[in-house]
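Visitor: Pasting a structure below so you can have a look.
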Amino acid sequence: MDNNNIDFKDLWKKQTVNQHNIEDLLLRLKQFKRSSLRSLWRTNILLAATTAFVIFVWYHYQPEFISTKIGIILVILAMIMYVGVYNRLLGTYKNIDSTQTNQEYLQQLISIRKKQQCMQSTILSLYFVLLGVGIGLYMYEYTVRMTAFWAIFTYGITLLWIALNWFYIRPKQIKKQQTKINGLIEKFEVINNQFAE
C-alpha cells in the first residue's frame, strides 16, 4: 500500500490501541469543519446586513459631499472584497468528508491553512485600509459641522475602535484559527508517520 495514500478507516479497524485517539481526531476534524462553516455563514450574513444598511443610509440621507459617497463606496467595496475572498474557503471546508485518506485530510487542512494565512495577512490588511479610509471619508461631511473638539473626539473614538480591532481582536482571532488548524495538521502528520513506519 502506498504510504502517502493510507485509508484511515481500514487501518483503524485493524488497530485496537489507537482506535480511541483516531476517533477523537476525526471528531475534532468534524467539529473544526462545522465551526468553520458556521463562522463563514455568520460573516456572510453580518457583512451582507451591514452592506444593506450602508446602502440604505446612502439612499435615505442623500449625502451632499463627494467624499461621503466615495467613503460609502470604499466601505462597501471592502466588505464585498472580504466576503468574496473568504467564500473561497467554503469549497475547501465542504470537501472534507469521512471517506478521505490520511493524505487527503492533510492536503485539505494544509490548503485551508494557506488560504487562511492569505486572508489573515494580505486580504485583512487591505480590508482594514479600505474600511478605515472609507469611514474617515464618510464621516468628514458630518464632522465639519461639529466644533473642533467634537470632530476630533469623533475621529479619535473611530480610530480607537479600528486600532482595537487591528491590534487586539484581529491577532487574537488569527492565533485561535492557527492553533486549531496547526493542531489538526500535527496530529494527522503524527498518525501518518506511525502508519508509515
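Visitor: On the given criteria, is residue 153 more than 27 Å from the chain's Cα centre (by Cα), in a helix (DSSP H, G or I) and loosely packed, with under 15 Cβ neighbours inside 10 Å?
Guide: Numbers: more than 27 Å from the chain's Cα centre (by Cα): yes; in a helix (DSSP H, G or I): yes; loosely packed, with under 15 Cβ neighbours inside 10 Å: yes.
So residue 153 passes the test.
Visitor: Of the residues that make up region 137-144, is at least one under 29 Å from residue 30 (Cα atoms) and in contact (Cβ under 8 Å) with a residue 40 or more places away in the chain?
Guide: no
Visitor: Let me ask another. Within region 32-75, track down each residue that is of a type in the set (Val, Ile, Thr) and farther than 18 Å from residue 140 by Cα. Give the steps one after another, and end with the answer.
Guide: Just the residues of region 32-75 that are of a type in the set (Val, Ile, Thr), to begin with: 43, 45, 50-51, 54-55, 57, 66, 68, 70, 72-73, 75.
Within region 32-75, 43, 45, 50, 51 meet the criteria.
Visitor: Mind counting the residues in region 43-101 that are of a type in the set (Gly, Ala, Ser) and touching an Asp or Glu at 6+ places or on another chain (Cβ under 8 Å)?
Guide: So in region 43-101, the residues of a type in the set (Gly, Ala, Ser) come out as 48-49, 52, 67, 71, 78, 84, 91, 98.
Keeping just the survivors that are touching an Asp or Glu at 6+ places or on another chain (Cβ under 8 Å) gives 67.
So the answer is 1.
Visitor: Quick check: is even one residue across region 177-195 at pLDDT 85 or above and closer than 29 Å to residue 61 by Cα?
Guide: Within region 177-195 (the criterion being at pLDDT 85 or above and closer than 29 Å to residue 61 by Cα), the answer is no, since none of the residues qualifies.
Visitor: Residue check: is residue 177 touching an Asp or Glu at 6+ places or on another chain (Cβ under 9 Å), part of a helix (DSSP H, G or I), open to solvent by 20 Å² or more (accessible area, probe 1.4 Å) and not small (Gly, Ala, Ser)?
Guide: Details: touching an Asp or Glu at 6+ places or on another chain (Cβ under 9 Å): no; part of a helix (DSSP H, G or I): yes; open to solvent by 20 Å² or more (accessible area, probe 1.4 Å): yes; not small (Gly, Ala, Ser): yes.
For residue 177, the condition - touching an Asp or Glu at 6+ places or on another chain (Cβ under 9 Å), part of a helix (DSSP H, G or I), open to solvent by 20 Å² or more (accessible area, probe 1.4 Å) and not small (Gly, Ala, Ser) - is not met.
Visitor: Report yes if residue 111 is within 23 Å of residue 69 (Cα to Cα) and part of a helix (DSSP H, G or I), otherwise no. Spell out how you get there, then give the answer.
Guide: Working: within 23 Å of residue 69 (Cα to Cα): no; part of a helix (DSSP H, G or I): yes.
So residue 111 fails the test.
Visitor: Follow-up. Within region 126-150, how many residues turn out to be under 22 Å from residue 43 (Cα atoms) and open to solvent by less than 40 Å² (accessible area, probe 1.4 Å)? Full working, then the answer.
Guide: First, pick out the residues of region 126-150 that are under 22 Å from residue 43 (Cα atoms): 126-135.
Within this subset, residues satisfying the condition of being open to solvent by less than 40 Å² (accessible area, probe 1.4 Å) are 127-128, 130-132, 134-135.
Final tally of qualifying residues: 7.
Visitor: Here's another thing I want to ask about it. Working only within region 184-197, note down all residues that are in contact (Cβ under 8 Å) with a residue 12 or more places away in the chain, over 19 Å from residue 40 (Cβ atoms) and open to solvent by less than 90 Å² (accessible area, probe 1.4 Å). Steps first, please.
Guide: First, the residues of region 184-197 that are in contact (Cβ under 8 Å) with a residue 12 or more places away in the chain: 184-185, 187-189, 191-192, 194-196.
Still in the running and over 19 Å from residue 40 (Cβ atoms): 185, 187-189, 191-192, 194-196.
Correct list: 185, 188, 189, 191, 192, 195, 196.
Visitor: Right, next: Every residue in region 156-174 that is farther than 20 Å from residue 57 by Cα, open to solvent by less than 40 Å² (accessible area, probe 1.4 Å) and more than 19 Å from the chain's Cα centre (by Cα), please.
Guide: So in region 156-174, the residues farther than 20 Å from residue 57 by Cα come out as 156-157, 159-174.
Narrowing further to those that are open to solvent by less than 40 Å² (accessible area, probe 1.4 Å): 156, 162-163, 165, 174.
Scanning region 156-174 gives a single hit, 156.
Visitor: Then there's this: Give me the residue from region 43-102 that is open to solvent by 90 Å² or more (accessible area, probe 1.4 Å) and outside any helix (DSSP H, G or I) and, out of that set, farthest from residue 31 (Cα to Cα).
Guide: 64
Visitor: Within region 36-53, is there a residue that is modelled with pLDDT of 55 or more and more than 30 Å from residue 78 (Cβ to Cβ)? Walk me through it before giving the result.
Guide: Applying the first criterion (modelled with pLDDT of 55 or more) to region 36-53 yields 36-53.
Adding the requirement that they be more than 30 Å from residue 78 (Cβ to Cβ) leaves none.
No, region 36-53 contains no residue that is modelled with pLDDT of 55 or more and more than 30 Å from residue 78 (Cβ to Cβ).
Visitor: Is there any pair linking a residue in region 47-75 that is in contact (Cβ under 8 Å) with a residue 60 or more places away in the chain and over 26 Å from residue 86 (Cα atoms) to one that is surrounded by 11 or more Cβ atoms within 10 Å (Cβ to Cβ) and of a type in the set (A, V, I, L, M), with Cβ under 6 Å and at least six apart or on different chains, and which?
Guide: From residues that are in contact (Cβ under 8 Å) with a residue 60 or more places away in the chain and over 26 Å from residue 86 (Cα atoms), the pairs are 67/137.
The values are calculated or read from the model by the stated rules, or taken from the named source; none is laboratory data. Every value quoted in this text rests on a predicted model; they were computed, and no experiment measured them. Heads up, the Cβs are rebuilt from the backbone with ideal geometry, glycines too, and the neighbour counts pull from every protein chain shown. SASA here: full protein model, heavy atoms, side chains in, ligands and nucleic acids out. Shrake-Rupley method; radii C 1.70, N 1.55, O 1.52, S 1.80 Å.
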